[in-house]
Amino acid sequence: MKTLLTIAQKDLRLVLRDRAGLFWIAAFPLCFALFLGAVLERWSARDDLALIVGLSDLDRSPESRVYIERLLRSGTMQIRELALNDARTRLRSGELDAVVVLQPGMGAIPDWYSGSAEVMRVEADPSRRREASYVKGLLLEAGLARAIEDELTTDPRSAIRVVQAASLDDTPTAAELVTPAAVLWGLIGCAAAFAISLASEKRAGTLRRLRSLPIADWQVLSGKALACWTACITIACVILLGALLFFGVRMHSLPGLLVALASLTFCFTGIMAAISTMGQSEQSVAGAGWGTLLVLGMIGGIMVPRMIMPSWLSSIGMLSPVRWGLLALEHTLWRGGSVLDWLVPCGLLVALGLCCLCGGAWVLRRSAA
Amino acid sequence: MPDNPLARQPSASTSADASCVLEARHLHKSYGAHKVVDDVSLRVAAGEGLLLLGPNGSGKTTLLSLLAGVLRADSGEALACGKPTSEPRARAALALVPQHPAVYDGLTGGENVALFGKLHGLSGAALSAGVESALLAAELWKIRDQRASAYSGGMRRRLSLACALVHAPRLLLLDEPFEGVDDVSRAHLLEVLTASKQRGVALVLSTHRIDEVRALCERFTMLREGRVVCERAVDSELGHGPSDEPRDEAGHNALYNARDGA
């Protein structure tokens, strides 16, 4: 153990004295948390994220005007009244999400919401079909609201009620959504920074020298792993404490959170150990490290939000330790649920970490042959 | 502060044959089909110096790595004080000084030496004494708090040697120790190595500067393509003129090849 502590102390000292390395470990995850937090704050405010729709009124009747005014008041979309050609040009350039065309004769059909005739057309980019359907629903709702006011029909909207999932006490805040991702970015930065250290030792010749000492290869790698784990747990605790104390992030289960942290940092330490043996030069290890970790992060849901991922990509993401980490942290912080909800991801993280650590030690040992 | 930093005795041997510090038996090492070390055997006694000669690519560095336990031999074994150097504990008796000064630039001179002392199991007063002795021997004591990145090439070479001396090894394996070193540093390194040898430390070193290590080595072993082609006493074979230079079994001039890196 003394040998491991000596090597870990040396590696931590070297990292702390390297300002560029410190940025990736300490500053980068905080920058990311602030950036993503700002994005999600705007998301929750919704105004900036409302769909931008061009509206072209070809009917120009008093009835169509009343309908447009109602749409403008609802605030569900940012509506820009435009000539049809201008709207189509802006749609093609990506400036608009969709174009709504009120067809001539719309005002003459007061019960158009019953589907008696086509009175509107939604033109959308082929890649934005989901948004087009959303716009269609909002247009129908606006028409229906008028009919309900005029007592032409009863309100069918009361037949459907949207509620939150039973396990959730309240809607997660932007800080609660961002915190697990920020922790994972911190761990990715740590793992990538420490992975390079073994290649640096190869280049400087110090690894050859360490191997001539009365210590085994696994001790060299374990010492580095201990340094990486110490840095990982420190960064994760700093981010979590900041989130809990200053941003009001809820904590559903303290024991769960501690288990999640321990297993998550162990997993990323193992990944670091495996990556560190992947190449001979710092460049190749850095490339392999960031490449691997960014892909894991991308499919895991900390780079691209899961809500906008296609289903196949979201399914693949279940294989990423980043996703397991997100689930473990979200369940122990704000999502709640049963113990198994966070224990299973934690078990997967520990198993993967152990495999990676053993694999790294095996590769390092083989390199002496 | 110790009276004489070079006067510390090497750590005690646990071997039955105390006079034999290093023994290599039929070492073989290949990378694919290329034989780098081919059936090399040698013995070095306490206080003895062995010079490894040979042109570039003849296998000197690989042989030193095998002797130090850094690389695993395909067959054969290297013993330090009677124990195979492939076992970590056996390596406590030896120290490897690589060709390029393998020190941590981000650590100070003192931290570098202390690190290797700790990894050799030293602690407390023994560690402090070892660090002080090694740094004084390398004449780096006054600048021990500066980072190694601020050291000159010669200083880094001396620091590398200090890291090797911190645990008072019984065997020093030196790979081209005088490469890229100025005259002043070279003279100092020679002085440190001579003092170590006089205290009974066995030396195995590879170098192209044969004239400078004459005082350190009693015997030389010449390698070509991984094989030992000549093994003789230095005094009888290494003269000052070209006619005195050693020749291998095929009659090639060993020193000429070594100097030119042929």
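For segment A:211-234, a drop of 40 Å² or more in accessible area on going from the chain alone to the assembled protein chains (1.4 Å probe) is found at A:Arg211, A:Ser212, A:Leu213, A:Pro214. Peptide B:81-93 has a mean of 2 when you count, residue by residue, the C-beta atoms of other protein chains within 10 Å of its C-beta. Over segment A:277-369, the fraction of Cα-Cα pairs per 10 Å bin, rounded to whole percents and listed from the shortest bin up, is 15, 36, 31, 14, 3. Annotation: peptides A:112-124, A:265-277, ranked by per-residue average of other Cβ atoms within 10 Å with the highest first, follow the order A:265-277, A:112-124.
Average accessible surface for segment A:215-369: 43 Å² per residue, computed with a 1.4 Å probe over protein heavy atoms with every protein chain in place. Note that segment A:56-153 presents 58 Å² accessible area per residue, ligands and nucleic acids not counted, probe 1.4 Å.
Computed in the context of the full set of protein chains, the accessible area of segment B:65-179 at 1.4 Å probe radius has 49% of its extent on carbon or sulfur. Report, for segment A:1-155, the % of DSSP beta bridges that are antiparallel, rounded to 5. In segment A:1-155, DSSP labels about 35 percent of beta bridges as antiparallel.
Just to be sure I follow: if Rg is taken over the C-alpha atoms of segment A:181-262 and Rh is the Kirkwood radius over the same atoms, what is Rg/Rh?
1.14
Counting Cβ atoms of other protein chains within 10 Å of each residue's Cβ and taking the mean over peptide A:4-13 gives 3.
Keeping all protein chains in place, calculate the accessible area per residue for segment B:22-104 (probe 1.4 angstrom), answer in Å².
Roughly 36 Å² per residue, with all protein chains present.
For segment A:1-148, the percent of C-alpha pairs falling in each 5 Å distance bin, counted from 0 to the bin holding the largest distance, reads 2, 8, 14, 15, 13, 9, 6, 4, 4, 4, 4, 4, 4, 3, 3, 2, 1, 0.
Working from the alpha-carbon coordinates of segment A:62-180, get Rg over Rh, Rh being the Kirkwood radius.
Result: Rg/Rh = 1.05.
With a 10 Å cut-off around each Cβ of B:100-108, the average count of Cβ atoms from other chains is 6.
Only one residue of A:Thr154, A:Ser311, A:Met120 has its Cα farthest out toward the positive end of the dipole of the protein assembly as shown, where Lys and Arg carry +1 and Asp and Glu -1 on Cβ, and that residue is A:Ser311.
How compact is chain A by the rule of thumb for globular proteins, expressed as Cα Rg over 2.2 N^0.38 Å?
Taking N as the residue count of chain A, the ratio is 1.33.
Straight Cα distances below 28 angstrom link A:Lys2 to the lysines A:Lys10, A:Lys202, A:Lys224, B:Lys83, B:Lys118, with same-chain residues fewer than 8 positions distant left out.
Rg ratio for segment B:138-184: its Cα radius of gyration over 2.2 N^0.38 Å, N being its residue count, equals 1.18. Only DSSP H runs of four or more residues enter the estimate; each adds -39500 (n - 2.57), and after division by the residues of the protein assembly as shown the mean residue ellipticity at 222 nm equals -16000 deg cm²/dmol.
Comparing each chain alone with all protein chains together (probe 1.4 Å, DNA, RNA and ligands left out), the residues of segment A:171-209 losing at least 50 Å² of accessible area are A:Thr206, A:Arg208, A:Arg209. For the protein assembly as shown, DSSP calls about 50 percent of its internal beta bridges antiparallel. Interface of A with B. Using a 1.4 Å probe and counting protein heavy atoms only, the two chains hide about 2700 Å² of accessible surface, both sides summed.
Distance from the Cα centroid of segment A:295-369 to that of segment B:117-166 is 44 Å (rounded to whole angstrom). Here segment B:15-82 is treated as a sphere whose radius is the Kirkwood value from Cα pairs; by Stokes-Einstein at 10 °C and 1.306 mPa s it diffuses with a coefficient of 128 µm²/s. Dividing the Cα radius of gyration of the protein assembly as shown by 2.2 N^0.38 Å, with N the residue count, gives 1.41. For chain A, carbon and sulfur atoms together expose 63% of the accessible surface, with a 1.4 angstrom probe and every protein chain in place.
Comparing A:Gly54, A:Gly301, A:Gly336 in a Gaussian network model of chain A where C-alpha atoms under 10 Å apart are linked, the largest mean-square fluctuation is found at A:Gly54.
The values are calculated or read from the model by the stated rules, or taken from the named source; none is laboratory data. Just so you know, these numbers come straight off a predicted model, no measurement behind them. As a convention, Cβ positions derive from the backbone with ideal geometry for all residues, glycine included, and neighbour counts pool all protein chains shown. We work out accessible area using only protein heavy atoms, side chains counted, and drop any ligands, DNA or RNA first. Shrake-Rupley method; radii C 1.70, N 1.55, O 1.52, S 1.80 Å.
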